[in-house]
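The values are calculated or read from the model by the stated rules, or taken from the named source; none is laboratory data. Please read all numbers here as calculations on a predicted model, not as lab measurements. Heads up, the Cβs are rebuilt from the backbone with ideal geometry, glycines too, and the neighbour counts pull from every protein chain shown. Each accessible area value is taken on the protein alone, full model and side chains, heavy atoms only, with ligands, DNA and RNA left out. Shrake-Rupley method; radii C 1.70, N 1.55, O 1.52, S 1.80 Å.
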Amino acid sequence: MALNITKENYEQILAEGKPVVIDFWATWCGPCRMISPIIEELAEEYEGKVLIGKCDVDANDDVVAQYMVRNIPTIVFLKDGKQVDKHVGAGTKEQIKAKIDALL
């Protein structure tokens, strides 16, 4: 299951040292709801290797601003605490998986 990433637990998640994937989304966003099952599947597939979570843009302004998220869905890929890739808009499982594999 994908982690719920919030402004309260964000720093702790990064401190774990694993690659991190953050899906920035909102409940009112249709494309966000379309990729949500993909994010959940990938969270299970990469459990123990990559931390995959979802960050609600309406509730976490600080995290959203840090990555300059302007459109959703936006998926940010982090390695060693730094952003190495970004995917804006809905994508296929294969597209997102390829970006996750590049983190490993």
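Under the condition of being open to solvent by 50 Å² or more (accessible area, probe 1.4 Å) and β-branched (Val, Ile, Thr), the residues counted in segment 71-104 number 3.
Looking only at residues in segment 71-88 that are at pLDDT below 95 and not in a strand (DSSP E or B), the one that is nearest to residue 23 (Cα to Cα) is 81.
Among the residues making up segment 32-59, a single one is of a type in the set (A, V, I, L, M, F, W, C), out of contact with any helix residue (DSSP H, G or I) (no Cβ under 8 Å at 6 or more places or on another chain) and outside any helix (DSSP H, G or I): 59. Go through segment 69-84 and report how many residues are closer than 17 Å to residue 25 by Cα and free of Cβ contacts under 8 Å to residues at least 24 places away in the same chain. Total satisfying the criteria: 2. Of the set (1) touching a residue at least 24 places away in the same chain (Cβ under 8 Å); (2) surrounded by 12 or more Cβ atoms within 10 Å (Cβ to Cβ); (3) over 18 Å from residue 8 (Cβ atoms), all apply to residue 56 but (3).
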